[in-house]
Structures are given as structure tokens and as C-alpha cells.
Amino acid sequence: EAQCIQQPADARKFNLLGLALLERQPREAAGAFKKALRCDLTYGPGYLNLAQAYRLANDSPSAMACLRRYLDLEPFGPQAADAARRLADLEAEAR
């Protein structure tokens, strides 16, 4: 956490903090991932990880929105297939 408050603000720092919190504190992790995205609105890993935090917090609509945003930003990105699969799974659960 101390590294995150040091300048310059860096999406990667907040992303790592969120990953450290993800399994035990998904809501706090979501806050860290949101801060990562405030640093860089095009930071793909932030959207993927925020989607996971929302899923763990039982907020499927928000998780789906994050996955859609990732796919909009990086339709052929390194995690696009995973994001599409996760999105399809969440959409199937929502039906």
C-alpha cells in the first residue's frame, strides 16, 4: 500500500495491490483495481481483474461490463479468449 501512494501514480502498482487482496477481500480489491483504471483508462489487466473482484463479490452485471470493456479495448489482446469465455459463462448464469 505504501508503494501505491508514492508518485508517480501507476496502474500496475494498484493492480498488484488488488491482486494481493482479491481472494480474501474482493471489495477492497475492486477499489484498488478502480484506482488502477483511474491512472490509465486503457489498462486491460485492470478491467480483467476488476471483473474477477466483482464476480467474487457477487456483482455479475458489473463483472460483465468490465469484460465487455476489456474486449472493446483489446479484441485481439493476449487475454481476449479468456475474457470472452468468462463473459459467456456469466451471461449463461444470468439467464
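Overview of values
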{"quantity": "Solvent exposure, largest accessible area first (probe 1.4 Å, DNA, RNA and ligands not counted), of Glu28, Glu23", "calculated": "Glu23, Glu28"}
{"quantity": "Mean residue ellipticity (222 nm) of the chain, computed from DSSP H runs ≥ 4 via -39,500 (n - 2.57), nearest 500", "calculated": "-23000 deg cm²/dmol"}
{"quantity": "Accessible area per residue, Å², the chain with all protein chains present, probe 1.4 Å", "calculated": "61 Å²"}
{"quantity": "Dipole moment magnitude, nearest 20 debye, the chain about Cα centre, only Lys, Arg, Asp, Glu C-beta charged", "calculated": "120 debye"}
{"quantity": "Top positive-direction residue, dipole computed over the chain with Cβ charges, set Ala57, Ala80, Gly31", "calculated": "Gly31"}
{"quantity": "The chain - percent of accessible surface contributed by carbon and sulfur, probe 1.4 Å", "calculated": "52 percent"}
{"quantity": "Rg followed by Dmax, in Å, when the chain is reduced to its Cα trace", "calculated": "13.0, 44"}
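The values are calculated or read from the model by the stated rules, or taken from the named source; none is laboratory data. Quick caveat, the model's predicted, so the values are computed rather than measured. Heads up, the Cβs are rebuilt from the backbone with ideal geometry, glycines too, and the neighbour counts pull from every protein chain shown. In case anyone asks, the SASA skips ligands and DNA or RNA and just uses the protein heavy atoms, side chains included. Shrake-Rupley method; radii C 1.70, N 1.55, O 1.52, S 1.80 Å.
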